[in-house]
1. Peptides 88-95, 53-60, 136-143: what's the order by average Cβ count within 10 Å, highest mean first?
2. Per the Kirkwood treatment, what hydrodynamic radius in Å, one decimal, follows for segment 163-334 from the mean inverse distance over all distinct Cα pairs?
3. Return the distance in nm (one decimal) between the two label points of a simple spin-label model at ILE20 and VAL181, each offset 7 Å from Cα along Cα→Cβ.
4. Provide the FRET efficiency to the nearest 0.05 for the VAL12-LEU149 pair, computing r from the beta carbons and using R0 = 30 Å.
5. Simple spin-label model, 7 Å along Cα-to-Cβ: ASP325 to ASN72 in nm?
6. Just grab the label-to-label distance for GLN138 and ARG116, each label 7 Å out from Cα along the Cβ direction, in nm (one decimal).
Amino acid sequence: MNINKTILLVAVSFSFLVNIPRFIFSFVEIEDKGMLNLFEVSLGDTVFRTAMLFAFCYLVLKYNLQWVQIFNVRYRIVASITGVITIFFAWMGLFELINTYIYSIYEYSINPKINRFIYVFFVIMLLVLSRAIKLNRQTKIDAIEKEQLTKQNAQNELNALKNQVNPHFLFNSLNTLSLLVREDQKAAGKFINKLSFLYRYILQSKDQDMLTVKEELKFLESYIYLIKERYRDNFKVNIHINRTLLQRKIPALTLQLLMENVVKHNEISNDRPLYVDVFDENDHLVVKNKLQRRTGPVESTHTGLSNLNGRFKLHMDKELKISKDNAHFIVKIPVA
């Protein structure tokens, strides 16, 4: 809620709640004279009391929550207490001045001692309430800043991913291209087209967080083509996606990053060809590969899937479903 609305609401609530009984007794005839002496009130006196208490509460809250901000952080608590005490004594002087005039018009007026006690009580209440409101606001501000920082970090990670492809992939692709140029110039030309499409896609998607499944599959097919030129028939990918999902969206480069993860962590050879299935299941895309871990060291930061999952939580408020058994590694991708 806006701070000005909060101040107004609290001031109205305090002033009316305290004076509701007086409003009631202003309109009720009491036969018991003892009760009448206890609640000696008039409508004019009650309206005056309510208006003055409202203005006092509003002024104290306004000072504590907004005007005190002009002081240095180190002195704000002292400035808050000093300011409220000053407001209290100034208000009491003004109140008694106006009350003298009110008393000359209406039969009943306000007992000064009771009135001062009420205002001292409200000074304490307002100081405590101001502190509580400040702490609540600061907690919300901290939470918002933390969320913005999390989003910014996730966005930075995404930009980093978009601005580079695994350097080993590029190195291997250039080696493959070098062989093709010598052996099959037609195949080399197609390879160059696929490689240029891959980098053009990365540049074009730089400012887009979400892309359609159709666009991602087209990019994935080019990426797979480049990998197959290196591994030939030892690397096979079967893609079966329902047409109804093609216009749905997922975070950019999701499928490429998952396929890169598969190639990076699994052995691919004549003796152990690698098979990957990409299909849909219950409103999810699924990337499922045969699990055959590389025996040698794998250069990895172990944050690829974690960062990708963070992007899904950021942009879709959903998470990847990752599972594995002795035979397969499976990642289920929610679609928007």
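None of the figures in this text is laboratory data; all of them are computed from the coordinates on show. Being a predicted model, the structure only gives us computed values, none of them experimental. Virtual Cβ from ideal backbone geometry, glycine too; neighbours counted across all protein chains shown.
1. Final packing ranking: 53-60, 88-95, 136-143.
2. Radius from the Kirkwood sum: 16.9 Å.
3. Here the modelled spin labels are 8.7 nm apart.
4. Using R0 = 30 Å, I get an efficiency of 0.20.
5. So the label points at ASP325 and ASN72 sit 6.9 nm apart.
6. Distance between the two pseudo-spin positions: 3.4 nm.
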